[in-house]
Amino acid sequence: MIGTHVDVRDLVVEFGKRTALDGVDLQLDTGVHGLLGPNGAGKTTLMRVLATVARSTSGSVSLLDHDLSKQRDLRMVRRRLGYLPQQFGYYPRFTVREFVEYFAWLKEMTPSAVPLAVDHAIERVGLADRADDRLKKLSGGMLRRAGIAQAIVNDPDVLLLDEPTAGLDPEQRVEFRELLRTIGVDSCVLVATHLVEDVAVACTHVTVVSDGRAVFRGTPDDLVAAGEDTSDGDSPIERGYTAAIRAARKR
Ligand SMILES: Nc1ncnc2c1ncn2[C@@H]1O[C@H](COP(=O)(O)OP(=O)(O)OP(=O)(O)O)[C@@H](O)[C@H]1O
């Protein structure tokens, strides 16, 4: 039985004199959670801390009831995590299959389960016909989809996706949103994005960060309701987003 999938309390991350996160509280359960915010708001920093690749300056972070400050808990958590970084490194000579397989091993999946899980992940991102192509031959959008495949290969309980739709064509974006909705039924998916429309159609919840703080939490409908006719934006949810950011800056 899993309690709160993500539990962040008063999280502070400083880089020298710069404060990237300034006391963030965030509790997430199953569902698809959108993370919105202007450039430099702290989205990637938050994702990196949750992905266990960056450390907090203070505050507490627990994932799947494991405290990330405890070294011995990290291995357990990493097996059950999926993470697509904003910029991900890869070996250009690996095929898509080798690349996804490599992450399956890193996540310590049961060896006998790996081949099927790899094929399934590649199929879910629509790359089955390119599974034996080397990564260096893929387009930017296809590479991103290979990145999503490695993130989901272990059927993670917590899936962290940093700008996953960057470079995807409209048809792929639609399919990807469907994939998110399916995964979000049993898992906790956190998606950092600039595409407010992706949040409107694919997310069950949304958090807006600004200047290192969580300034709005609610459903996409709540964010729409926060907008006013005078707010900037071409759609109701964009107007809600700009209103939330403006209100936070006035505080
Ligand atoms: N390694 C680092 N060293 C110093 N400052 C950093 C580092 N990483 C992030 N920052 C700073 O922390 C703040 C938050 O950055 P972060 O990348 O988390 O924002 P973001 O919301 O993901 O932005 P974007 O939308 O542009 O990707 C910024 O002011 C950034 O300059």
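Derivation of every value follows stated rules applied to the coordinates shown; laboratory data play no part. In this text the structure is predicted, and so the values were computed from the model without any measurement. Every residue, glycine among them, receives a Cβ derived from its backbone with ideal geometry; neighbour counts consider all protein chains shown.
Of note:
- Applying the criterion of being in contact (Cβ under 8 Å) with a residue 24 or more places away in the chain and within 18 Å of residue 164 (Cβ to Cβ) to the residues of segment 31-41, the residue that is farthest from the ligand (Cβ to nearest atom) is 31.
- Residues of segment 20-30 that are small (Gly, Ala, Ser) and within 8 Å of the ligand (Cβ to nearest atom): 20 alone.
- All positions within segment 54-94 that are β-branched (Val, Ile, Thr) and surrounded by fewer than 17 Cβ atoms within 10 Å (Cβ to Cβ): 57
- Matching residues, segment 92-110, being touching a helix residue (DSSP H, G or I) at 6+ places or on another chain (Cβ under 6 Å) and within 14 Å of residue 155 (Cα to Cα): 100, 101, 103, 104, 107, 108
- Scanning segment 184-202 for residues that are touching a residue at least 40 places away in the same chain (Cβ under 8 Å), touching a helix residue (DSSP H, G or I) at 6+ places or on another chain (Cβ under 8 Å) and either surrounded by fewer than 23 Cβ atoms within 10 Å (Cβ to Cβ) or assigned to a helix (DSSP H, G or I) (or both) yields 193, 196, 197, 198, 199, 202.
- Residues being in a helix (DSSP H, G or I) and either touching a Leu at 6+ places or on another chain (Cβ under 7 Å) or within 16 Å of the ligand (Cβ to nearest atom) (or both) - total across segment 83-138: 5
- If only residues of segment 42-59 that are part of a helix (DSSP H, G or I) and not hydroxyl-bearing (Ser, Thr, Tyr) are counted, the one that is farthest from the ligand (Cβ to nearest atom) is 50.
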